[in-house]
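Peer 1: I am attaching a structure below and will ask some questions about it afterwards.
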Amino acid sequence: MKNGCFITFEGGEGSGKTTQMEKVKSYLETEKNYEVVVIREPGSTEISEKIRDILLDKKYHKILNPKAELFLYIAARTQLYYEKIKPLLRDGKIILCDRFYDATLAYQGHARGLGIEKALEFNLWALDNFEPDITFLLLLDPEIGLERENNKDRFNMEGLNFHEKVNQGYRILAEKYDDRINKIVVGDKEPEYIFNKIKRVLKKRL
């Protein structure tokens with residue numbers, strides 16, 4: 001693969017992104033012989049990880065301004081893109097990324113009320129209009145997702161109403177960008193069922 005491929009996994013809390021990314025990595029490496037790199041957002045560079053610590057720290061609950069939160073996410077993402085994503089794609093790697101700017105559009109743009117289009121504008125400016133090649137959106141009832149989530153951070157403290165807005169934001173994005181975003185309703189489906197749906201898309205696209 002000459003120019004690499006950037007694949008993102010999106011979804012609310014507890015939607016199973018990590019499990020599916022592990023399955024996809026194993027599949028692409030063992031069955032397709034691709035070189036795969038897994039990264040997370042925010043994070044995966046020294047600077048971006050430090051920003052992540054601020055963003056997820058529970059002591060900043062109700063303190064961090066929503067606009068400051070938005071720009072911290074963009075800052076972490078920008079550093080990750082120029083330091084790691086861009087060079088890896090140039091080397092022909094497949095990158096699996098746990099969330100990218102769709103998360104910011106859903107969380108800060110829609111749920112925080114800052115505006116999806118405004119958040120998208122800032123992100124595209126920072127990233128020189130770079131966007132994912134393929135996105136898998138795992139949709140799960142927010143109440144179930146919050147119960148499943150073991151890692152309690154600042155966003156888990158927001159309450160069900162906030163996470164329902166996040167879910168709404170993701171659904172808006174799935175409809176708006178249906179050529180890129182592959183929506184999968186998780187429900188009570190087994191992980192292998194979800195993975196098979198993902199695999200069908202990958203077979204067509206890679």
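Only the coordinates and a few stated rules stand behind these numbers; no lab work does. Since the model is a prediction, treat every value here as computed from it, not as a measurement. FYI the Cβ positions are ideal-geometry reconstructions off the backbone, even for glycines, and counts take in every protein chain you see.
Peer 1: Going 7 Å from the Cα of Lys58 in the Cα-to-Cβ direction, what parts of segment 143-166 have a backbone nitrogen less than 18 Å from that spot?
Peer 2: Within reach of a label on Lys58, which here means backbone N under 18 Å from a point 7 Å along Cα→Cβ, segment 143-166 contributes 146-160, 163.
Peer 1: Greater than 27 Å separation of Cα atoms is the criterion. Which listed pairs, Lys86/Lys189; Lys62/Lys84; Lys84/Lys165; Lys23/Lys183; Lys32/Lys176, meet it?
Peer 2: Lys86/Lys189; Lys62/Lys84; Lys84/Lys165; Lys32/Lys176
Peer 1: Just to check I understand the Karplus step: with θ = phi - 60° and J = 6.51 cos²θ - 1.76 cosθ + 1.60, what whole-Hz values come out for segment 80-91, glycine and proline as x?
Peer 2: 4, 5, 6, 7, 10, 4, 4, x, 5, 5, 4, 7
Peer 1: Please list the non-local residues whose amide H lies under 5 Å from the amide H of Phe136, H modeled 1.01 Å from N, same-chain partners needing a gap of 5 or more.
Peer 2: For Phe136, whose amide H was placed from the backbone, the distant partners under 5 Å are Thr8, Phe9, Glu10, Asn182.
Peer 1: Rounded to whole Hz and in sequence order, give me ³J(HN,Hα) for segment 153-170 from the Karplus expression 6.51 cos²θ - 1.76 cosθ + 1.60, θ = phi - 60°, writing x for Gly and Pro.
Peer 2: In residue order, the calculated couplings are 10, 4, 6, 5, 8, 6, x, 4, 4, 4, 6, 5, 5, 4, 4, 4, x, 4 Hz.
Peer 1: Counting trypsin sites (Lys or Arg not before Pro) as exposed when in a DSSP loop with at most 10 other beta carbons within 10 Å, what is the longest stretch of the chain free of them? Don't jump to the answer; show the numbers that get you there.
Peer 2: Working: sites that count: Lys2, Lys62.
Segment 63-206 is the longest.
Peer 1: On to the next question. State whether segment 5-205 is rounded, prolate or oblate according to the following rule on the C-alpha gyration tensor (a ≥ b ≥ c being the square roots of its eigenvalues): a/c under 1.5 gives rounded; otherwise a/b larger than b/c gives prolate, and the remaining case gives oblate.
Peer 2: Taking the square roots of the gyration eigenvalues as a ≥ b ≥ c, segment 5-205 is oblate.
Peer 1: Go through segment 131-148 residue by residue and turn each phi into a ³J(HN,Hα) via Karplus (6.51, -1.76, 1.60, θ = phi - 60°); whole Hz please, and just put x for glycine and proline.
Peer 2: 9, x, 7, 9, 10, 10, 10, 9, 9, 9, 3, x, 5, 5, x, 5, 5, 6
Peer 1: Arrange Met21, Met157 by Cβ neighbour counts within 10 Å, fewest through most, would you? Each step should come with its number before you reach the end.
Peer 2: Working: Met21 22, Met157 11.
Exposure proxy ranking, most exposed first: Met157, Met21.
Peer 1: Can you compute the FRET efficiency between Tyr27 and Ile172 using 1/(1 + (r/R0)^6), with r the Cβ-Cβ distance and R0 = 41 Å? Round to the nearest 0.05.
Peer 2: Between Tyr27 and Ile172 the formula returns 0.85.
Peer 1: Between Thr18 and Asn196, how many nm apart are label points set 7 Å from Cα along the C-beta direction?
Peer 2: 2.6
Peer 1: Mind checking which of Pro66, Pro142, Pro42 has the largest fluctuation in a GNM of the chain, springs on alpha carbons under 10 Å?
Peer 2: Pro66
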